[in-house]
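All remarks here apply to the structure that follows.
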Amino acid sequence: MKKILINFAHPAKSRSNINIALRNAVKDIEDLTINDLYANYPDFMIDVKREQLLCERHDIIIFQHPLYWYSTPAIIKEWLDLVLEHDWAYGSKGKALEGKLFFQAITAGGDASTYQKDGYNEFTLKELTAPLRATAKLCNLSWLPPFAVTGVHRGLAKGKVENYSAEYRRTLIALRDSSLDINKLQQQETLNDNTPITVSK
Ligand SMILES: Cc1cc2nc3c(=O)[nH]c(=O)nc-3n(C[C@H](O)[C@H](O)[C@H](O)COP(=O)(O)O)c2cc1C
């Protein structure tokens, strides 16, 4: 079984609905570690060695976060700047992350229809993850498209939160157990493309 690391980044957890729901839905999965970045580093003083060891001890690395300005909350940028050191993450001796799976689990205020070329936001969520995709490539990570929850501005119906949560849990367990076709997943727009959300009453 693969070991999963969720680097969880939400600066206002007490006001979170969907990220907390997703997190609660997966927290008891065997071989899964949740690393809450804002809780561990409220002053942004990231312990680089600790973070590198965590990455080394896991096979799947996820950044779970709300979409902020079409990007990540600030602590993820700080994490990348500090933790991905030369000759650890990249460079001729930097092989620590080689072959590990990597993706973002993103929640967005805008509806799915706004994240289209001809939609209000003009870019797809897959396109907006390009900086971390390029970073993953440089670090020899195996990149996957984002697990995406959209339309949270409107407030998700209760059934939808439960369905997204169950889908997140199913996806993580399937990746942990290597039961998904990674090449096929890489072609998808999002990790949760193929399992339409059904709202239960
Ligand atoms: C500073 C900030 C920036 C945001 N930027 C975006 C954005 O670029 N696109 C978008 O769809 N939603 C944006 N949102 C909405 C959040 O993504 C949304 O509130 C969040 O995903 C809800 O998750 P939660 O219930 O876990 O807090 C932004 C929210 C904040 C506070």
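The values are calculated or read from the model by the stated rules, or taken from the named source; none is laboratory data. Not measured: the values here are computed from a predicted model. All Cβ positions, even for glycine, are placed from backbone atoms using ideal geometry, and neighbour counts span all protein chains on display. These accessible areas exclude ligands, DNA and RNA; they are computed on the full protein's heavy atoms, side chains included. Shrake-Rupley method; radii C 1.70, N 1.55, O 1.52, S 1.80 Å.
In segment 37-51, the residues that are under 19 Å from I62 (Cβ atoms) form Cβ pairs under 6 Å with partners that are part of a loop (DSSP other than H, G, I, E, B), at six or more places apart or across chains, as follows: L37/A9; Y38/P11. Evaluation of K160 against the conditions (1) more than 25 Å from E51 (Cβ to Cβ); (2) touching a Ser or Thr at 6+ places or on another chain (Cβ under 8 Å); (3) of a type in the set (K, R) shows that the sole unmet condition is (2). Count of segment 163-186 residues, restricted to those that are over 17 Å from the mean Cα position of the chain (by Cα) and touching a residue at least 40 places away in the same chain (Cβ under 8 Å), is 2.
Annotation note: of A136, A166, A148, A174, the sole residue that is assigned to a helix (DSSP H, G or I) and either under 17 Å from S71 (Cα atoms) or at pLDDT below 95 (or both) is A136. No other residue among K126, K137 is free of Cβ contacts under 8 Å to residues at least 24 places away in the same chain, under 20 Å from Q186 (Cα atoms) and open to solvent by 30 Å² or more (accessible area, probe 1.4 Å) apart from K137.
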